Each structure stands twice: as structure tokens, then as C-alpha cells.
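See structure below.
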Amino acid sequence: MDGNYFSIFMEILGSLALLIYGMKVMSEALQKMAGSQLRHILGAMTSNRFTGMLTGTFITCAVQSSSATTVMTVSFVNAGLLTLAQAISVIMGANIGTTLTAWIMSLGFKVDLTMAIFPAFLIGIILIYTKKSRYIGDFLFGIAFLFFSLVLLSDAGKELDLAHNSGAIDFFSSFDTSSHVSIFIFLLIGTVITCLVQSSAAVMAITILLCSTGVLPIYLGIALVMGENIGTTATANLAALGANTQARRAALAHLVFNVFGVIWVLFMFYPFVNMVCSLVGYNPSGIGYSEAEKAAILPIVLAAFHTCFNVTNTFVLIWFIPLIEKVVCWIIKPSANVDEDDFRLRFIQGGIMKTPELSVLEAQKEVLSFAERIHRMFGMVRELLGEQDDDKFMKTYDRIEKYENISDNMEIEIAKYLDHVSNAHLSDDTKGKIRAMLRQIAEIESIGDSCNNLARTIKRRKTGKEDFTEQQYECIHQMFELVDDALNEMNTLLKGYKENLDPARSFNIENEINNYRNQLRTQNINDINNHAYTYAVGTMYMDIIQECEKLGDYVVNVVESRMGVKQDEV
């Protein structure tokens, strides 16, 4: 008999693994089908706390993963696209949206979906091999795995026959369901298990399995469900560990929201649970129900409680978003000023539950951060040209060299991250974005090289005995101004939505840089022939002008990659 129990136990573990995998495949397929629209909605529809809450609900229902929504929200806060208050309202909505998963799972336990599962697998595999509909195929495969795992769990539960297992009955009977201590113990168990497996769906499945067999009293089952609500916040908090202060506050707000909800429900636990049970027509004592009736109605009770708890909690706390914001700001103090000269990635974090779509969003923000850092580096080159004090000159020059090392490291780290993302199953659109970003970071790093070359030439002039003429300085400043305009325009194009941008201005600036370089080259030859300055000074002067022209070419390469259009096509 022990061998039989071991076999059933392994079947349950395998079924849970299948359930988690099915949820993951289904969620990622839905995100790929929705594409960037979900990110646009999240960015646009959060003007107040109620639209933010509805947005969070809608997106979580659409992607079937509250963790994906909260991680996406934390990423948006980290990128500065959402305020903390907006993020809290979205996270509240995500908690409501995730209740749909509980209803889907209760349906899987209540209705035998075996006849629908295998046709879904068949249709799914056919669609996966068609280019246009492969994400629908992925979705069908994911949801078929989900329901198949529920069927296997239900069958394993029947094989265990816990309702007639004296050991299991005695164990759960040893807990007094009328005691808040027992409720609190099971709340902690639900929290810990959900933190460990990183899937509230898997813990919900086990809870439904135990309750539907009649061995786990409904009060203790509901305590596990409350624990799942706290445990599921671990995902966003882990994802925010490497993020900025506001993003960590947004993740903490998710925890505060759920903990506060659990606390007030604990104070009125039995009346609240009895009210939910009466809504679905169930007597929480369980007396007078057959095993078949319990198996049919208890999954509905758990799903109904999950919904009532999250909807009520959101309705109560949505009015206190400013207070929650103050609490998390008080708990997580602003970070000490981090030296912007230190190397760090601001938006790319460790791969906690990241889908390719979310990863690409973070990488795009990191590329923009890289470009802005290089723009600051060019600003230092401009300072260097006019610096007269030797100590300040060397301090600025050393800083430029440090930025050059940082740019090399940033290119490598972003490329590694994109390479890691490219190992996943990607949409054509995402593949194209990754290719474009790999080209962008290579060109941005080349801009850093050009800035470093400019600084070296300026240092060479500084250590030499001769200086540029006033007219040469004016021409260099004019060229620097054009390059600065080009960098400004490049960052603007990296920042906005591609559909709303026009690369023509960048290409016009590049033409101006080329024409001005040609003009100065001709003028330089004439000035040297007329002995306006020495050949050595003219060479250093033209080195700076030529390097600026090369820098402008790198900028145009970034723009072309970002916009997907070449200069001669505009």
C-alpha cells in the first residue's frame, strides 16, 4: 500500500508541475498575442485610482497571471512610466483579475473536461506549426495542460481516498476549526508554500483537492487561500530587489495591501466565511452533504471566497491609496545618492518570472539609459575643451575615461541579457526588436569611443606648446553644437513610440555635420597654406572635426536601427 501511496504522490507532484507549466505557457501566449498593446494600455489608462484598478483587472484577466501584471507594473515604476500611486491602483486591480484563475480551476475540478482536452492538444499542435496562428496554438496547449493537470489531480485525489483515510482525517481533525490559532497556522502554511513554489495556482489546486475530498475543513482551506494571497506577493518583491526605490515601494505596497486585507478578514473571519458560503448555498459545517456533493460545491466555495475577499479588500483600500503610499515610503527610505559615474544597470534585473515581452521593455529602457549616459559623456568633452585649470582638466579627463570603461561594460551586459532573452520562444516582432537593440548598443558604444578619442586629442593639444586659434575654437564649438543636437534627437527617438516619431530631423542634422566638415576641411588646407597656424595644429584640429563627423554617423546608425528606415529612404 505504501508503494501505491508513493505512486499517487508522484502523480500529484507531476500534475502540479504540469499545471505550473500550463499556466506559464498560457500566460506567455496571451502576452504575445496582446503584444505591446497591453503596455500601452498600462501606460495610458491609469489617470486615476479607479481606471488604474480597472486596467490592472483587465490586464490580469487577459494574461491570466497577477504576477506578470505586478512585475510589469514594478518595471514601469522603475522606468518612471507610472507613479507609485498609479502602480498601487493597478496592483489592486491585478488582485481582482487573478480571481478568474480560481474560477477556471474550480471549473476544471467540477466538470470532466477530458473530451475537450485532447482535441485542444491536437488543434494546438497544428496551429503551432502555422506562422500566423502559432500563439493561439501555444494558448490552447497551455490551457489544455492546465485542465489536463486538474483532471490528473482530481483522479489522484480519488485514488488517495482521503475521506476514508483515518490518518489524514485524524491529522486535520486535530485542528480546532473554531480557533483563530488553527486558522493562523494554515494561513502561514499557505504563505510559505506559495513563496516556495512561486505559484498561487498550484497551491490553490492542492487546496481544492484536499477540500473536495472532504478531509480538509472549509475554514482551514480558506485560511490556505488567504495565505496564498500573501505568498504570491513574493514574486514582485523578488523582481524589485535590484530596482530603484520607487519600484521597491510598489512591490512592497502589494504586500501591505494583501497583509492588511488578511488582518481585517481575520478579525471577522467566521461571519465573513459564513456569508460567502451562504451566497453559494453551502453549510460550512459540511453536515448533510455526500462526498459527490462536496466535491462539486467546495471548489466553488473557495473560488467565491477568493473573489469576495479581493473585491471587498480593493473596495475598502482603494480610498486609502495615499495612506498606503505614505506607509511604504516610510518603510523604504530614499536611497543615498548613488554616484552616476558608478557602473550599474538601472532597469535590467535578475530573471524572476520575466516573459520575453517584459524583458524587451526593460532592455529598451536600459538602452535609453545607456544613450543618455553617453550624451553626458559628450557634455564632459565640451567642458574639457574650454577648461583652463590643469587640475580640473585632468579630473574631467579621468571621468571621461571612466565613462569609456562603463560604456564597454554596459554594452557587454545588455548584450548578454538580450542573448539570454533570445533563447526563449519569441514572436517575430520581439526578435526584430532584439536585433535592433543589439545594433543600437554597438553603435552607442562607438559613440563613447569617439568621445574618448576627442578627449585624447584635446589632451594632446593641452600638453603641446601650441593652441588653436580663436576662429578654430569657434568652429569646433559650432560642430559640437551640431553633434549635441544629433544626440538630443537620438535620445528623443529612443524614448518615444516609434509610430509617433519622425527621423527626418536626425538625417538633416547629419547632412549639416557632413557639409560643415567638408567646408572646414577645405578651409583648414587654405589656412595651413596661408600660415595661419602650423600643420601640427591643423592636424589636431581636423582630428576633432573628423571624429565629430564619425560620431554623427554612429548616431544616424542608431536612429536607422530604432526607426527601421535608412536615411536614403526618407
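Can you work out which of the residues in segment 473-528 that are hydroxyl-bearing (Ser, Thr, Tyr) and within 31 Å of the chain's Cα centre (by Cα) is surrounded by the fewest Cβ atoms within 10 Å (Cβ to Cβ)?
Selected residue: Tyr497.
Residues that are modelled with pLDDT of 85 or more and more than 25 Å from Leu209 (Cα to Cα): which helices (runs of 4 or more DSSP H) entirely in segment 231-348 hold 2 or more of them?
Values: elements: 234-239, 245-267, 269-279, 291-317, 321-331.
In segment 231-348, the matching helices (runs of 4 or more DSSP H) lie at 245-267, 291-317, 321-331.
Could you pull out the residue among Ser133, Ser182 that is open to solvent by less than 40 Å² (accessible area, probe 1.4 Å), at pLDDT 70 or above and more than 30 Å from Thr73 (Cα to Cα)?
Ser182
Residues of segment 409-423 being under 26 Å from Lys131 (Cα atoms) and either in contact (Cβ under 8 Å) with a residue 60 or more places away in the chain or assigned to a loop (DSSP other than H, G, I, E, B) (or both), which ones?
Listed by number, the residues that qualify are His420, Val421, Ser422, Asn423.
When Leu426 is evaluated against the numbered criteria (1) assigned to a helix (DSSP H, G or I); (2) farther than 20 Å from Phe393 by Cβ, which criterion, by number, is the only one it fails?
(1)
Would you list the helices (runs of 4 or more DSSP H) that sit entirely within segment 10-101 and hold 3 or more residues that are more than 21 Å from Val421 (Cβ to Cβ) and modelled with pLDDT of 65 or more?
Once the helices (runs of 4 or more DSSP H) in segment 10-101 are filtered for at least 3 residues that are more than 21 Å from Val421 (Cβ to Cβ) and modelled with pLDDT of 65 or more, what remains is 49-63, 84-97.
Those residues that are of a type in the set (A, V, I, L, M), modelled with pLDDT under 90 and part of a helix (DSSP H, G or I), I need them from segment 537-570; list them, please.
Met563
Would you be able to say whether some residue in segment 523-534 is part of a helix (DSSP H, G or I) and in contact (Cβ under 8 Å) with a residue 60 or more places away in the chain?
no
Looking for something over 25 Å from Phe145 (Cβ atoms), open to solvent by less than 20 Å² (accessible area, probe 1.4 Å) and outside any helix (DSSP H, G or I) - is there at least one such residue anywhere in segment 207-215?
Looking for residues that are over 25 Å from Phe145 (Cβ atoms), open to solvent by less than 20 Å² (accessible area, probe 1.4 Å) and outside any helix (DSSP H, G or I), one finds at least one in segment 207-215, hence yes.
The values are calculated or read from the model by the stated rules, or taken from the named source; none is laboratory data. A quick note: this is a predicted structure, and the numbers were derived from the prediction, not measured. Please note: Cβ atoms are built from the backbone with ideal geometry, for glycine as well, and neighbour counts cover all protein chains shown. Side chains included, ligands, DNA and RNA excluded: accessible areas come from the protein's heavy atoms. Shrake-Rupley method; radii C 1.70, N 1.55, O 1.52, S 1.80 Å.
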